[in-house]
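Q: Quick one: the structure is below, and I'll ask about it shortly.
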Amino acid sequence: MTEHKKVEHKQHREHEAAGEKQPAGKKPDAAKAEPQKIKIEDLKAQENQNAADAKKAAELTEKLKAAEDKYLRLFAEFDNFRKRTEGEKAEFSKYAAGNFIEAVLPVLDSFERSQKALDAEADAGGEVQKGFALIHRQLEDILRKFGVQKMTAAGQPFDPRLHEAVMQKESDQPSHTVLEELQTGYVMYDKVLRPAMVIVAK
């Protein structure tokens, strides 16, 4: 046996005596080579977490949708309120002068009565009559600028929305026909400022 063989044989015997076996070749660490084990409990925990996250996301989505619906309703209500307010403001502006004009109407009545009295006089062609006619026309022009129009009641069918009957009279006109105006009625745009005081056929 050669000297090299003797050394190997001696080393082999020493390893056997110590209870060790000489590996045939260098092997990787068994602990490192073993694949990592995934526990079922970990998978279940992850599934539960995913389910909880999905539920929370669904709840947040519902809350967001509810908040959006509430915002849209509030916006619509505010827009309606704004339009209604603007409409009321325009309506108020349209009829704001109504009280003033209604107070002026008796003055116009006085002019009309005076003018009729002058027309009945023999010398009605004088300067006084012309002055009354001018003032009367000016007043009517002012009223027209405010949207006020004089009603034409005589010869029209009686309408309780426009006319106020003070008496009835026998006539060859159809029943409930306005025979005569005792006081002129006025409308402002589509609103009756004062109904016409009339005599109606029986």
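Q: Output yes when any residue across the stretch 142-155 is in contact with a strand residue (DSSP E or B) (Cβ under 9 Å, 6 or more places away or on another chain) and more than 14 Å from Tyr186 (Cα to Cα), and no when none is.
A: Checked against the condition, which is being in contact with a strand residue (DSSP E or B) (Cβ under 9 Å, 6 or more places away or on another chain) and more than 14 Å from Tyr186 (Cα to Cα), the stretch 142-155 yields at least one hit.
Q: Name every residue in the stretch 77-99 that is of a type in the set (Phe, Trp, Tyr) and at pLDDT 80 or above, in order of residue number.
A: Residues of the stretch 77-99 of a type in the set (Phe, Trp, Tyr): 78, 81, 92, 95.
Residues satisfying the conditions are Phe78, Phe81.
Q: When you check Phe146 against the structure, is it touching a residue at least 40 places away in the same chain (Cβ under 8 Å) and over 23 Å from Ile199 (Cα atoms), yes or no? Outline the logic, then answer.
A: Values: touching a residue at least 40 places away in the same chain (Cβ under 8 Å): yes; over 23 Å from Ile199 (Cα atoms): yes.
So Phe146 fits the description; yes.
Q: Cβ-Cβ below 9 Å, separation at least six or inter-chain, first residue in the stretch 95-108 and of a type in the set (Gly, Ala, Ser), second crowded, with 16+ Cβ neighbours inside 10 Å: which pairs?
A: Within 9 Å, the pairs are Ala97/Phe146; Ala97/Gly147; Ala97/Val148; Ala97/Met188; Gly98/Phe146; Gly98/Val148; Gly98/Met188; Gly98/Leu193.
Each row is one residue, and each column tells you yes or no for (1) modelled with pLDDT under 90; (2) under 23 Å from Ser114 (Cβ atoms); (3) surrounded by 14 or more Cβ atoms within 10 Å (Cβ to Cβ).
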{"position": "Ile135", "(1), (2), (3)": "yes, yes, yes"}
{"position": "Leu143", "(1), (2), (3)": "yes, yes, yes"}
{"position": "Ala153", "(1), (2), (3)": "no, yes, yes"}
{"position": "Gln156", "(1), (2), (3)": "no, no, yes"}
{"position": "Arg161", "(1), (2), (3)": "no, no, no"}
{"position": "Met167", "(1), (2), (3)": "no, no, no"}
{"position": "Thr177", "(1), (2), (3)": "no, no, yes"}
{"position": "Thr184", "(1), (2), (3)": "no, yes, yes"}
{"position": "Val187", "(1), (2), (3)": "no, no, yes"}
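Q: Moving to a separate point now. Can you find even one residue in the stretch 85-100 that is over 23 Å from Val187 (Cα atoms) and surrounded by 10 or more Cβ atoms within 10 Å (Cβ to Cβ)? Please lay out each step first, then the result.
A: Applying the first criterion (over 23 Å from Val187 (Cα atoms)) to the stretch 85-100 yields 85-86.
Checking which are surrounded by 10 or more Cβ atoms within 10 Å (Cβ to Cβ) leaves us with 85-86.
Yes, the stretch 85-100 contains at least one residue that is over 23 Å from Val187 (Cα atoms) and surrounded by 10 or more Cβ atoms within 10 Å (Cβ to Cβ).
Q: If a residue has to be closer than 23 Å to Glu140 by Cβ and outside any strand (DSSP E or B) to count, how many in the stretch 162-190 make the cut? Working first, answer last.
A: So the first thing to find is which residues in the stretch 162-190 are closer than 23 Å to Glu140 by Cβ, and the list is 162-164, 178, 180-190.
Now drop any that are not outside any strand (DSSP E or B), which leaves 162, 184-185, 189-190.
Final tally of qualifying residues: 5.
Q: Can you tell me which of Glu112, Glu91, Glu77 is within 17 Å of Lys145 (Cα to Cα) and among the charged types (D, E, K, R)?
A: On the way: Glu112 fails: within 17 Å of Lys145 (Cα to Cα); Glu77 fails: within 17 Å of Lys145 (Cα to Cα).
So the residue among Glu112, Glu91, Glu77 that is within 17 Å of Lys145 (Cα to Cα) and among the charged types (D, E, K, R) is Glu91.
The values are calculated or read from the model by the stated rules, or taken from the named source; none is laboratory data. Model, not experiment: these values are computed from the prediction. So basically every Cβ, Gly included, is an ideal-geometry build from the backbone, and we count neighbours across all protein chains shown.
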